[in-house]
Amino acid sequence: MLKFKRYLITKLSAIYRCQPGRLWISFSLLVLLLVTLQVVEKLQPPGSCQCELERGLQLTTGNELSSALHSPHLLWEDDSPQGQREAEPAPALSEDVFRMHLHLRQETPPGSSQEERWMQQPEESSGKRVPNSAQPLQAEDSYKTDLETGFSPSWTEAFKFKEVTAGESQQVRQARGVTSQGKRCKPKTDIVFLKVHKSASSTVMNILFRFGETHNLTFAFPQGGGFQLYYPRHFMARFVQGFSPLSPQRFNILCHHMRFLQPEVQKVVPSSAVYFSILRNPVQLMESSFVYYKGASAFSRVRSLEEFLSQPYRYYSPARGDRHYARNLMTFDFGFNPDGDASPERVQLMLKAIEASFDFLLISEYFDESMVLLKEMLCWDLDSIVSFPLNIRDSSTKSPLPDSVVEKLKAWNRLDWEIYTHFNRTFWERIDRDIGRERLRREVKALRERQAELARTCLQGTGSVAPKDIKDSSLRPLQHGGARILGYNLKQGLAQELERTCRRLVTPELQYSSLLYKKQFPPPPPESPAASRAPPHRLEATRN
């Protein structure tokens, strides 16, 4: 071995002493370096999108905002191994459901059950009290973030502002296909719905599923038929089943769980797509999240929200991959940093970014009113927006919160509170501008009457039932955490077409998504026994 080493060193020295030999060695090292870089690039996880963000930022803004990307006070963050889990296919039903982040529920303000509202014959509803613009919230020092550096944008359309004003012209509204007088228009079929957690999004998703199936539209499904688009990573187009950068194919509806990143979303849907989402009061949202995601790192060691809020940073770590369940969950789903700076300037930048990318936002506390606005903006008919509340929690797992806890929750979720109060106000401004309160009352009444009629036609009993009482296992929603998720029983003996309509209304999210995935991507037919035996026969003939 020693002789071989000496021989090798002697030969290499001889080669290196001549000019061609040195060139050959340099060229070989360069090739080796290039191959190594290619291998490293292929092995990189799909979570980093900083380069894409900077390219998009340069295209949509001037140098001033581009340089602001690296400002230590910006609100946004980039995906990083510290703050994100590794990308992985969405789990099956039998796997750890905590990673699914799917099931969302719908609740109404105290004293008014959403289920009671659609099960009863409605009366002319008086106008609800609409909150005025939010008063500035003074967070206690113990609840202020200690992260103030290293933030970068999570989606570059943040700086491409659209002017959304109360004086929007009639021509603009007509261009959208909808007029304030309710004139006939063309239904919208290209849709992006940001499915925000714990905000009645499962019910909205069922509406989109039914509309898409009825009109034979295509859905942007997660790779392999999963139930989330690699959440909590920022969305990337390559997460979608059937997407190819070399193909012009676009999908009609994108509505599965994702963390919003508009430049990537635009690669998947047509440019004509309508963007919308739904919000929920952050106080009720976090109470629901605490029960549903009790296994999250921030909640697993505490018995109550009061205990958590007494010393939040004792239990909460911004470096944990599941930290968004415990703070500013809506902010995170929109693509922003849940631990970001909450100064007025940065809050306004975030709000303008959302306005720039979304055509309208709904409010879960005013669900029926939101559905009327959805019908107006998408130019759909009444039956397209009827629904039964899905993924709702049994009242036995709900608990009222004292005022002191409510104020702490608002301060701890300051960014979510700013988003909610701003778009709660603009929601009613949009109602006044495009529908009007009188027509809104009439259409809400008609919607509730239709839903009550369908409930009497389709459902056994008085409405939702506990999971143990659901007779058809295919209609049983996934149970998780400390919540009991209710479901429905269908009446027996319904006519075939009516039974199909009723079943679609109460099919849980996971089951409905799987059904549509198999319809859009049918599995290959199984091989016949004769075909499966053909290769061995050919091999046998070769041997002979």
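Read-outs throughout are calculated quantities, based only on the coordinates presented, and are distinct from any laboratory measurement. What you see is a predicted model; the values in this text were computed from it and never measured. Here the Cβ positions follow ideal geometry from the backbone for every residue, glycine too, while neighbour counts run over all protein chains shown.
Summarising the label geometry, the points placed 7 Å from Cα in the beta-carbon direction at residue 457 and residue 23 lie 8.4 nm from one another. Packing, taken as the mean count of other beta carbons within 10 Å per residue, orders the peptides 271-281, 495-505 from highest to lowest as 271-281, 495-505.
To the nearest 0.05, what FRET efficiency results for residue 381 and residue 348 with a Förster distance of 35 Å applied to their C-beta separation?
Result of the calculation: an efficiency of 0.40.
Each of 452, 494, 465 was scored by the projection of its Cα onto the charge dipole of the stretch 411-494, and the greatest displacement toward the positive side belongs to 494; charges sit on the C-beta of Lys, Arg, Asp and Glu. Can you find, among 276, 253, 299, the residue farthest towards the positive end of the dipole of the stretch 240-301? Put +1 on the C-beta of Lys and Arg, -1 on that of Asp and Glu. Toward the positive end, the furthest listed residue is 299. Between the amide H of residue 259 and those of 235, distances stay under 5 Å, these residues lying 5 or more places away or on another chain, with hydrogens modeled in the peptide plane. Amide H contacts under 5 Å for residue 191: 253, 254, 274, restricted to partners 5 or more places along the chain or on a different chain, H placed in the peptide plane at 1.01 Å from N. For residue 490, nonlocal amide neighbours, meaning residues 5 or more places apart or on other chains whose placed amide H falls under 5 Å from its own, are 460. Using the empirical formula 2.2 N^0.38 Å as the baseline, the Cα radius of gyration of the stretch 313-376 reaches a ratio of 1.40.
Diffusion of the stretch 280-386 by Stokes-Einstein, at 10 °C in a medium of 1.306 mPa s and with Rh set to the Kirkwood radius over alpha-carbon pairs, works out to 99 µm²/s.
Nearest 0.05, what FRET efficiency do residue 514 and residue 314 give at R0 = 51 Å with Cβ-Cβ as r? Each step should come with its number before you reach the end.
Details: r = 41 Å, r/R0 = 0.80.
According to the calculation, E is roughly 0.80.
Between rounded, prolate and oblate, where does the stretch 197-248 land on the alpha carbon gyration tensor, with a ≥ b ≥ c its root eigenvalues, rounded for a/c under 1.5, else prolate if a/b exceeds b/c? Since a/c reaches 1.5 but b/c is at least a/b, the shape of the stretch 197-248 is classed as oblate.
Each of the peptides 20-28, 321-329 was scored by the mean count of other Cβ atoms within 10 Å over its residues; in descending order, highest first, they stand as 321-329, 20-28.
The stretch between residue 442 and residue 491, if pulled fully straight at 0.36 nm per residue, gains 14.7 nm over its current Cα-Cα span.
Go through 188/518; 408/468; 294/375; 188/352; 410/468; 445/519 and tell me which ones have a Cα-Cα distance over 31 Å in this structure.
408/468; 294/375; 410/468; 445/519
Figure legend: label point modelled 7 angstrom from the Cα of residue 473 along Cα→Cβ; residues of the stretch 507-529 with amide N under 18 Å from it are 507-512, 514-515. Length available on full extension from residue 399 to residue 303: 0.36 nm per residue minus the Cα-Cα distance, which gives 33.3 nm.
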